[in-house]
Amino acid sequence: MMFVIKIFKALRLTEVLLMSGFIIIGSIFSIENNPDDKWVNLTLVSIISYLLMLSVYTANSFLGYNADKNNERLDSLKFVGKSFYIITTIIFYFTSFMMCLVIKPESLLLHFIIFLLWFLYAMPRFGKHLPVVGTVLHFLVTIVQFNFAYMFFYPISEVSISISIFFALLISAGHLHHEIIDFEVDKLNMIKTSTVKWGISKTKYFSFLIFLIAHLYWIFLFKMGMIDKLQMFVFCSGFLIHFVLFIYFRNSIETKISKRLNYRFLYRLIYLICGLVITSKVLFL
């Protein structure tokens, strides 16, 4: 049993599930346009997305295996050897790819682009190892991911691309805080992230600024008629709670890694709840 638990931790199954939500949410925003067999199709999209993100995370663990040895936050990754991650990457990606081929072959290009962008992010001396580049890749891949899931129910459109930008901004802001969490380790390994280059103080405010811009943009989408009142209200209400959290944590973020992790957990929980409220409305009302 302990062996199985360690394997689960090495695969980061819970974190992968959370990140898969940023793909699956694309389906939630398109499902009303094509509600036939929505439960079956949504289940299939969820499985495809989860397997795809598992392959992304295992590829990341493979490419960053040596550097991650110095990161106490990623201690669970050391339980297995480097070869484990390349094998599981191939298995997870191939399974997800074959499901796409059978269910929605026209989605294969976006499926490949998602993996490619994440692979570029994890590449040594590129992606997350350079200022700004890692955040830009997060922004681009989130747009692709959203529209990848969206097209399982309805064709990609100006509306889907516009909505996906909101989630891309959320992910980008979250990525900057992720860099803050790993600041000391990245600096030790000479990984030149935006936070290593500009410091925690500037990066934490820039991260929150992007969260703010995201929700101002969300209000703009409401004014343009691209989202409804509930969608606008739910996420903007979540942001107000996030704002209070930021005020509370902003000073301790610079000195205490535990506070950085607590802050991330809480704002992730807020946006997860927002997403679940929107999902419940679409699926059950």
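List of remarks:
- Any chance Ile253 is surrounded by 14 or more Cβ atoms within 10 Å (Cβ to Cβ), aliphatic (A, V, I, L, M) and assigned to a helix (DSSP H, G or I): yes
- Only one of Phe146, Phe94, Phe139 that is within 23 Å of Ser160 (Cβ to Cβ), surrounded by fewer than 22 Cβ atoms within 10 Å (Cβ to Cβ) and either modelled with pLDDT of 95 or more or among the basic types (Lys, Arg) (or both): Phe139
- Screening the stretch 19-55 for residues that are over 21 Å from Met99 (Cβ atoms) and part of a helix (DSSP H, G or I) and picking the one that is modelled with the lowest pLDDT gives Asn33.
- Pairs, first closer than 22 Å to Val144 by Cβ and in contact (Cβ under 8 Å) with a residue 60 or more places away in the chain in the stretch 162-186, second of a type outside the set (Ser, Thr, Tyr) and not in a helix (DSSP H, G or I), C-beta under 6 Å, six or more apart: Ser162/Met226; Ile163/Phe29
- Within the stretch 10-33, residues that are surrounded by 15 or more Cβ atoms within 10 Å (Cβ to Cβ) sit with their Cβ atoms under 9 Å from residues that are modelled with pLDDT under 90 and among the basic types (Lys, Arg), at 6+ positions apart or across chains, in these pairs: Ala10/Lys78; Ser27/Lys38; Ile31/Lys38.
- A single member of Ile219, Ile273, Ile210 is without any contact (Cβ under 8 Å) to a residue 60 or more places away in the chain and closer than 17 Å to Ser172 by Cβ, and it is Ile210.
- Residues that are buried (at least 20 other Cβ atoms within 10 Å of the Cβ), of a type outside the set (Gly, Ala, Ser) and within 26 Å of His242 (Cα to Cα) within the stretch 149-176 comprise Ile163, Phe166, Phe167, Leu169, Leu170, Ile171, His175, Leu176, listed in sequence order.
- Answer residue from the stretch 214-250, given it is among the small types (Gly, Ala, Ser) and either part of a helix (DSSP H, G or I) or at pLDDT below 95 (or both) and is farthest from Gly199 (Cα to Cα) among those: Ser237
- Residue ID - nearest to the chain's Cα centre (by Cα), chosen from residues in the stretch 118-127 that are closer than 22 Å to Ser49 by Cα and touching a residue at least 24 places away in the same chain (Cβ under 8 Å): Trp118
The values are calculated or read from the model by the stated rules, or taken from the named source; none is laboratory data. These numbers were taken from a predicted model, which means no experiment stands behind them. With ideal geometry, Cβ positions are generated from the backbone for all residues, glycine too; neighbour counts draw on all protein chains shown.
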